[in-house]
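The values are calculated or read from the model by the stated rules, or taken from the named source; none is laboratory data. Everything quoted here is computed from the prediction, not taken from an experiment. Every residue, glycine among them, receives a Cβ derived from its backbone with ideal geometry; neighbour counts consider all protein chains shown.
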Amino acid sequence: MTVGFRIARVLVVAAVGVPVLAAGYLVLLVFTSRTPARRRTARAATRVVQALGPAFVKVGQLVASRRDLLPAEVITELAVLTESVRTVSPRQSRAALRKWEPHLREVDHRPVAAGSIACVYRGRRHDGREVALKIRRPGIDRAMRADLALVRGAARVLAVFLRGVPIVEMTGHVCAAVHGQLDFTAEARSLEELRRNLSGIGAAVVPAVHQDLSTPDCVVMDYVPGLSSAATHSGDLGVRLARDTLKVFFRMLFIDRFVHCDLHPGNLYHTAGGEVVVLDAGFCVLLPERVHRQFTEFFYHFGNGNGDRCAEVMIDSAVSVRPDADLAAFRAGVADLVGRNAHVAAKDFSMAGFTAGLFDLQRSCGLYGDARFVFPLLSILVLEGTLRDLHPELDFQAAATPYLLRAMAK
């Protein structure tokens, strides 16, 4: 399939699917109540997203992590996108696994999980160790390149209406990182780096990579049994898991600079024993030192409710400032935004709303921010929904203080 044909197919699916979904929802409202209508429409929308392709599934995974933005029945249907995307055919599974069968005592041809880029299979080495084989989907490279070309095109259109927001640059950085997920050799290295970095946190589990079996289109790693999602935990265990999850996340973000930006429920799991399991390291980013320092400083002052210093950090990190920029209005706006959001419990805080407010202030006041800030913001945005599920009263700004102080001292 050529890139041009792929783009045309996506446009046709979107042009037909979106109006049909909207009309179907209205019809369902006539014959049923709102909740069943939402559920059935979300189920249909999930099928459309899968038909659109891997980049759109990635967007769906992000949306599925935000229980604060959509009704529960919609999130339940979209959750399919995090780990149960449509699998490849049995024939494709057999063909994909044929290369590894001589090196394994046994292998199950039925995928145990399926994502937008790969399917995961369970096997056992001759020494008895259980392994998971993450194998890239056939033809995914061409499909992903076409999808990302559409995303970049849409960003250029949005840039016309969102002047002052580095939407094209941010999209470019994210698209490059998403396309990088196709390189499984790089993902194997990222898994090993995460495993080293998080080894000092007793509750953290990152599966070990079996380098002798891994290839550019397959990562072979330890199989981790007994995984469960955040939504299944509550009470004291939920509180403990939320705190340990933050330990893992803040270690990545503020100490190591090596950040997993895709910790949706299909990549972040917990065990009944209270362990935090990090999987799928395809979308990991090493933050540039300058971006890391400025983001850390911003988050530190945000946690202390110091909006004036947050504004100064943003002005200092701006890549350009318009000649007519209203810096006084920007400082006042940031101070107000920080004051309203500092030390707010997870259930009441929205990173999406806070980030939108910052972007709007930058645009209206004439500042052009560093597009690479999108990575730490995206990582928090994806994780926020999981934290809200585990511990709605959590003040994750306060929980960051020890890591922020350590990072600031460096």
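Report, by residue number, each residue of region 226-251 that is hydroxyl-bearing (S, T, Y) and either modelled with pLDDT of 85 or more or in contact with a Ser or Thr (Cβ under 9 Å, 6 or more places away or on another chain) (or both). Break it down stepwise before answering.
Within region 226-251, the first condition is being hydroxyl-bearing (S, T, Y), and the residues that meet it are 228-229, 232, 234, 245.
Result: S228, S229, T245.
So in region 159-210, with the set limited to residues that are more than 30 Å from R243 (Cβ to Cβ) and small (G, A, S), which one is modelled with the lowest pLDDT?
Per the stated criteria, the residue is G164.
Can you pull out every residue in region 191-215 that is closer than 21 Å to E130 by Cα, of a type outside the set (A, V, I, L, M, F, W, C) and in contact with a strand residue (DSSP E or B) (Cβ under 7 Å, 6 or more places away or on another chain)?
E192, P207, H210, S214
Given the criterion surrounded by 15 or more Cβ atoms within 10 Å (Cβ to Cβ) and closer than 13 Å to F302 by Cα, identify the matching residue among V382, V338.
Only one candidate qualifies: V338.
Condition check ((1) surrounded by fewer than 22 Cβ atoms within 10 Å (Cβ to Cβ); (2) in contact with a Ser or Thr (Cβ under 8 Å, 6 or more places away or on another chain); (3) in the same structural domain as F375 (by TED's automatic domain parsing)) across all residues:
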site	(1), (2), (3)
L253	no, yes, yes
R257	yes, no, yes
L268	no, yes, yes
E275	yes, no, yes
A281	no, yes, yes
C284	no, yes, yes
P288	yes, no, yes
R293	yes, no, yes
F299	no, no, yes
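Take the residues in region 385-394 that are under 28 Å from V174 (Cα atoms) and not aliphatic (A, V, I, L, M); name whichever of them is surrounded by the most Cβ atoms within 10 Å (Cβ to Cβ).
First, pick out the residues of region 385-394 that are under 28 Å from V174 (Cα atoms): 385-390.
After this cut, where a residue has to be not aliphatic (A, V, I, L, M) as well, the list is 385-386, 388-389.
Values: G385: 26, T386: 24, R388: 24, D389: 21.
Filtering region 385-394 for residues that are under 28 Å from V174 (Cα atoms) and not aliphatic (A, V, I, L, M), the one surrounded by the most Cβ atoms within 10 Å (Cβ to Cβ) comes out as G385.
Going through region 379-402 one residue at a time, which ones are in a helix (DSSP H, G or I), touching a helix residue (DSSP H, G or I) at 6+ places or on another chain (Cβ under 7 Å) and of a type outside the set (S, T, Y)?
Correct list: I380, L381, V382, L383, E384, L387, D389, L390, F396, Q397, A398, A399.
Restricted to region 112-124, and to residues that are modelled with pLDDT of 90 or more and crowded, with 17+ Cβ neighbours inside 10 Å, which residue is farthest from R145 (Cα to Cα)?
Here the answer is G123.
Any idea which residue in region 131-154 is nearest to A177 (Cα to Cα), counting only those that are buried (at least 18 other Cβ atoms within 10 Å of the Cβ) and of a type in the set (K, R)?
R136
Tally the residues that are touching a residue at least 40 places away in the same chain (Cβ under 8 Å) and assigned to a helix (DSSP H, G or I), restricting the search to region 361-378. Working first, answer last.
Here is the first cut: in region 361-378, the residues touching a residue at least 40 places away in the same chain (Cβ under 8 Å) are 362-376, 378.
If we keep only those that are assigned to a helix (DSSP H, G or I) too, we end up with 362-365, 371-376, 378.
The qualifying residues number 11.
Testing V88 on (1) at pLDDT below 85; (2) in a helix (DSSP H, G or I), one condition comes back false. Which one is that?
(2)
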